[in-house]
Amino acid sequence: MARRSDRAPARAPAWFRATWTARTLALAVALAAVCAVACAPGDGGEGEREGGDGEREAEAGPRGRFKPARPQAAELAVDDGTHEALERLRSIGYVGGSVADSRGGVTRYDPALAQDGLNFYTSGHGPEAVLMDMDGTVLHRWRRAFDEVWPGSPDRDLLGATWWRRAHLYDDGGILAIFEGLGIVRLDRDSRVLWAESNGAHHDLDVAADGTIRVLTRVARRDHPAFPGTPILEDFLTFLDPDGAETRRVSLVDAFLRSGFRSFVDGRRHREGDIFHTNTVHVLDGRLAARSSAFGRGNVLTSMNGLGVVAVLDVETGTIVWARRQPPLGQHDPQIVDGDRLLYFDNREGSGASVVREIDPLTGTEHWSYRGTVERPFYSRYCGAVQRLPNGGTLVTESDSGRAFEVLPSGAIVWEFYNPHRAGAADELIATISDMQRIERRRAGWLER
């Protein structure tokens, strides 16, 4: 497979960087690289604003995405107020340096109840993906710096260039990885670059059985007819062939405008910048189509965090065919599970407590939820992911806390992991885990070859 693109990610035009008010200047700088900062703290208003405060970092040395580390359960009983102070530091987007901390790793594991498998995740400490077993033993790492993919790019100092927002593991041991807002790269099992595309990829992707890649991309523009003269980021669902060549893209703004859900976009016309903040690509298997044709096989369930909307895109017509507003705003990673239920991560931004919800998407009836406890609080203001497991449990990625855990329908936690990578003068910051997936052991047969 040949490497397809060596060009640096294209920067946004000068007018886009220069036309904003002082309050949004930081966002404009970030958007200059097509919103390269992922999950940076936002304005606390409607939904999250990933990309508001994570502009260029002048410090030398390694960087990434870190948040104040919440004391683990064993530490809470003797908390002296440090936890409250650390929560006030939650606006810190990233800092220099990273060390592995002995407090990290697997802190709880019940082999009789937890779903067996391997864990594949990306971490805010660097452009790296990790495959580990249930005990936390690292089996393989993939790593490739932004400068090594796009040498000489002026955007290497952006937060999006310092870590991978999401990755996909192939059965041959290769991966796809997203440099947030900048592009997508395919590596082999030894982290050699096979190809890279500077297409503004962000947040999420899906790889079909035939190798077709669906990935979210975005373009900075101010000439969209629905937002005349207004600088915005326009989100697309983009299709790539297995070698990274773009074959099609669908504008999600246009998909709303040509649908019966146009009002969701009309209500955003006074906004600038990252108006949609789309964060999910979930391809439907058609099992819910008997209840609603909108959920037909091949359609894509997605999440517009900026709108507070979960929607279904008919990829053939390029039209939104179903949408539901999910208050409170701040949802991530919606997916259909058990044939007809909608599972998603409800950040509940600013509330101090997140929720994993499982609802009937057509009626809104809640069938199951998980909330933290005083002993084990659960909150990620930004990012977050969920995965329904074969045993009926749910793997939850509590991103800001650098934590992932498996919870059973009863609410019992049977597996728990904390990111070992810390930063700060007293290691008080923990690296984000943007996404963790439990995979079957057979998918790692390449390790033995």
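No lab work stands behind these numbers, since they all come straight from the coordinates. It should be emphasised that the depicted structure is a prediction, and the values quoted were computed from it without experimental measurement. Glycine also receives a Cβ, built like all others from the backbone with ideal geometry; neighbour counts cover every protein chain displayed.
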### Query
What residues have an amide H closer than 5 Å to that of Thr162, excluding those fewer than 5 places away on the same chain, when H is modeled at 1.01 Å from N in the peptide plane?
none
### Query
So what's segment 125-200 giving for Cα Rg divided by 2.2 N^0.38 Å, two decimals?
1.08
#### Entry: Environment charge at Asp338 (Cβ cut-off 10 Å; Lys +1, Arg +1, Asp -1, Glu -1)
+1
### Query
Mind listing the phi-derived Karplus ³J(HN,Hα) values for segment 188-200, rounded to whole Hz, using 6.51, -1.76 and 1.60 with θ = phi - 60°, and x for any glycine or proline?
8, 5, 9, 6, 7, 6, 8, 7, 8, 10, 8, 10, x
### Summary
For segment 173-280, using Cα atoms only, the Rg and Dmax in Å read 15.4, 48
### Task
Report ³J(HN,Hα) in whole Hz for each residue of segment 155-165, in order, from the Karplus equation J = 6.51 cos²θ - 1.76 cosθ + 1.60 where θ = phi - 60°; Gly and Pro get x.
8, 5, 8, 7, 4, x, 8, 9, 7, 9, 6
### Message
If I histogram all Cα-Cα distances within segment 276-361 using bins 5 Å wide from 0, what percent of pairs lands in each bin?
### Response
3, 16, 28, 26, 16, 8, 3, 1, 0
### Task
Would you please name the trypsin sites (Lys or Arg not before Pro) within segment 273-328 that are DSSP coil residues with at most 12 other C-beta atoms within 10 Å of their C-beta?
Arg297
### Query
Under a Cβ-Cβ cut-off of 13 Å, what is the net charge of the residues other than Thr238 that fall near it, where Lys and Arg count +1 and Asp and Glu count -1?
-3
### Query
When the distances between all Cα atoms of segment 360-399 are binned every 10 Å from zero, what whole-number percent does each bin get?
21, 46, 31, 1
### Summary
Summing +1 per Lys or Arg and -1 per Asp or Glu among the other residues with Cβ less than 14 Å from Arg371's Cβ gives -2
